[in-house]
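Q: Mind looking over this structure? Questions follow.
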Amino acid sequence: MARRPRAVFVTLLACTLLAGLTNGAQAVRGSSQRGAAAPAVLAPAKPKGTAPTALGVQKVLAASMKDPSLGRHHGVYVYDASRGKAVYSAGIATGFVPASTMKLLTTVSALETMGPDHTFTTKVVRSGAGSIILVGGGDPLLTTKRVTDSLDFPPRASLQELAASTATALKAEGVTSVTLGYDAGLFTGPAANAKWEPNYLTEGIAARTSALWVNEGRLNPGLAKRATSPAQAAAAAFALQLRAAGITVAKAIKPAVAASPGEDVAQVHSASLGDIVEYVNLHSDNDGAEVLLRHVGLATDNGGSYAGGIEGVRTTLTKLGLNVSKARIEDGSGLSRTNQVPLDVLAGAVRVAASPDKPQLRHLLTGLPVAGFTGSLEDRFASPGTSAGTGLVRAKTGTLTGVHSLAGLVRTTSGTVLVFAVATDSAPPAKALDARAALDRASAALSTCGCIS
């Protein structure tokens, strides 16, 4: 399916969800500028009309939440972001397997700890005469070749660009032959998550997380198969780029440890963290989320391991005012079926991102898929009873076998901005599409209600 230019959505959405917040178009445009933080424009506008009531919300959700395709364990949580108070909840006594809505917790933590303007640097440093080391900085979207498609978002750093700069610097010194090493030591601990299904790695559903990779660990861009050693594969790809740029590279390419501080030869910078967060949530990028988890661990002084990242997320969410005491967090992407998260925590990530005093978190909102238009919601909201939510619901999706969830926000007919999370983790696999449609109807129903009786 052809991609629609991002500018199209500025026009489409300015009169829908973002109308009644402040200048929403500015937020979308600003988010695509390298290093530009999304301004404080998606915080709820001054509330208008009568506040929604618990009974009113319950009535509009009743039919959707009684759908048998949702199974025995399903629930919903709704928060009035325009007035700063919880409105309604049901079925939330226990946590849920969040699937990819877990990415909201990871990405909001990344924005809070590092800020939306932060970038990740991939560099080449000297290591003695005629020897260089490729050092990974944890850029989740680093590519082999420069991306020239003007519609591609966000802009990405490439090994091709880095090799060209490296070759220029080496030739200026009269060096045309080098040995190459690679350093992926920024991240530590196991590269694969023990809580994932074994086939996730073998079937290309996810990559082994590395501080140095290209094309998210894929052996070929756009294909599923992943490298057993993403860092080694990246170094081999870089060697090819160097040779193409006129530098002879010794055949043996081995792991190395770059001196700190080292003497830089060349470097490239990732897109801004804000833009990366938008990409991860819009496309439900499992690999990008796992890299950001490691960065949260580093940013909170817990280390760049899985354990460090998880502790960093828990600490950060707590500082943001979310109660994670009943949450079990096993990864950054939501691939683990052993994750357990209360719905108020999932909604809470959206709630704090919409807070007027947290403009640094706004990219969480601008990156949410738009019902019927973008990302993982592009092909949703087409079943009966869901069309009212098209263009109005912005939400992160979550899907595993038997697990379906939505967490995001919607503007009601009365002008109230409602933050919500709705989920099931007991849907019969044969009823997956029906369960997903039921959640779509529930969020669409919120967009149509005054919810006052």
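Q: Once you treat every alpha carbon in the stretch 286-388 as an equal point and sum by Debye, what is log10 I(q)/I(0) at q = 0.18 Å⁻¹?
A: -1.00
Q: Let me ask something else. Mind listing P(r) for the chain? All alpha-carbon pairs, 10 Å bins, whole percents.
A: 5, 22, 30, 24, 12, 6, 2, 0
Q: Among the aspartates and glutamates, which have Cα under 19 Å from the Cα of LYS59 when same-chain residues fewer than 8 positions away are ignored?
A: Correct list for LYS59: ASP67, ASP80, ASP440.
Q: Using a 1.4 Å probe on the protein chains only, how many percent of the accessible area of the chain belongs to carbon and sulfur? Please list the in-between numbers first.
A: Details: 9380 of 17420 Å².
The nonpolar share, carbon plus sulfur, comes to 54 percent.
Q: Loop only by DSSP, 12 or fewer other Cβ within 10 Å of the Cβ. Give me the trypsin sites (Lys or Arg not before Pro) in the stretch 211-272 that pass, ordered by residue number.
A: Details: sites: ARG218, LYS225, ARG226, ARG243, LYS251; in loops: LYS225.
Filter output for the stretch 211-272: LYS225.
Q: Ok, one more. Send over the Kirkwood Rh of the stretch 365-442, from the inverse of the averaged 1/r over different Cα pairs, rounded to one decimal Å. Before the final figure, lay out each step's value.
A: Details: mean 1/r = 0.0799 Å⁻¹.
In the stretch 365-442 this quantity evaluates to 12.5 Å.
Q: When the Kirkwood hydrodynamic radius is evaluated over all pairs of different C-alpha atoms of the stretch 229-293, what value in angstrom, to one decimal, is obtained?
A: Details: mean 1/r = 0.0676 Å⁻¹.
Its Kirkwood hydrodynamic radius stands at 14.8 Å.
Q: Using a probe radius of 1.4 Å on heavy atoms only, what accessible surface per residue do you get for the stretch 246-373? Whole Å² is fine.
A: Spelled out: the 1.4 Å probe surface of the stretch 246-373, per residue, equals 34 Å².
Q: If I take R0 = 45 Å and measure r between the Cβ atoms of LYS251 and GLU197 in this structure, what FRET efficiency does the formula 1/(1 + (r/R0)^6) give, to the nearest 0.05?
A: Given R0 = 45 Å and the Cβ-Cβ separation, E is 0.75.
Q: Another question, if that's okay. Past the 24 Å Cα-Cα mark, which pairs from LYS123/LYS254; LYS195/LYS319; LYS85/LYS195; LYS145/LYS251; LYS66/LYS195?
A: Numbers: LYS123/LYS254 16 Å; LYS195/LYS319 26 Å; LYS85/LYS195 35 Å; LYS145/LYS251 21 Å; LYS66/LYS195 32 Å.
Beyond 24 Å between Cα atoms: LYS195/LYS319; LYS85/LYS195; LYS66/LYS195.
Q: Here is a further query. Could you work out the relative contact order of the chain, using alpha carbon pairs under 8 angstrom and six or more residues apart, expressed as a whole percent?
A: Worked out over the chain, it gives 26 percent.
Q: Please turn the phi angles of the stretch 77-82 into ³J(HN,Hα) values with the Karplus equation 6.51 cos²θ - 1.76 cosθ + 1.60 (θ = phi - 60°), one per residue in order, whole Hz, x for glycine and proline.
A: 9, 10, 10, 7, 6, 6
Q: Leaving ligands, DNA and RNA out of it, work out the accessible area of ILE133 with a 1.4 Å probe and give it in Å² to the nearest 10.
A: Probe radius 1.4 Å; accessible area of ILE133 about 10 Å².
Q: Using the Karplus equation 6.51 cos²θ - 1.76 cosθ + 1.60 (θ = phi - 60°), what ³J(HN,Hα) coupling, rounded to whole Hz, does each residue of the stretch 276-291 give in order, writing x for Gly and Pro?
A: Residue by residue, the stretch 276-291 yields 5, 4, 4, 4, 4, 6, 5, 9, 6, 7, 4, 5, x, 5, 5, 5 Hz.
Q: Based on the alpha carbon coordinates of the stretch 51-194, what radius of gyration and maximum Cα-Cα distance (Dmax) apply, in Å?
A: 25.2, 77
Q: Using amide H atoms built in the peptide plane, which far-off residues or other-chain residues are under 5 Å from SER272 H to H?
A: GLY35
Q: Right, here's the next one. With charges only on Cβ, +1 for K and R and -1 for D and E, what is the dipole size of the stretch 247-389 about its Cα centre, in debye, rounded to 20? All intermediate terms of the calculation are to be shown ahead of the outcome.
A: Values: 12 positive and 15 negative charges, 70 e Å.
In total the dipole reaches around 340 debye.
Q: Give me the distance in nm between label points sitting 7 Å out from Cα along the Cα-to-Cβ direction at ALA86 and SER260, one decimal.
A: 4.2
Q: Mind putting together the pair-distance distribution for the stretch 86-166? All Cα pairs, 5 Å bins, whole percent per bin, short to long.
A: Pair shares across the bins are 3, 10, 13, 15, 14, 13, 8, 7, 5, 4, 2, 2, 1, 0.
Q: Looking at the stretch 262-356, which trypsin sites (Lys or Arg not before Pro) are DSSP coil and have at most 14 other C-beta atoms within 10 Å of their C-beta?
A: For trypsin sites (Lys or Arg not before Pro) across the stretch 262-356 that sit outside H, G, I, E and B with at most 14 neighbouring Cβ atoms in 10 Å, the list reads LYS326.
Q: Could you run the Karplus curve 6.51 cos²θ - 1.76 cosθ + 1.60 with θ = phi - 60° over the stretch 162-169 and give me ³J(HN,Hα) per residue in whole Hz, x for Gly and Pro?
A: Residue by residue, the stretch 162-169 yields 5, 5, 4, 5, 5, 4, 4, 5 Hz.
The values are calculated or read from the model by the stated rules, or taken from the named source; none is laboratory data. Not measured: the values here are computed from a predicted model. Positions of Cβ are backbone-derived with ideal geometry, glycine not excepted, and every protein chain shown enters the neighbour counts. Remember, those area values only see protein heavy atoms, side chains included, never the ligands or the DNA or RNA. Shrake-Rupley method; radii C 1.70, N 1.55, O 1.52, S 1.80 Å.
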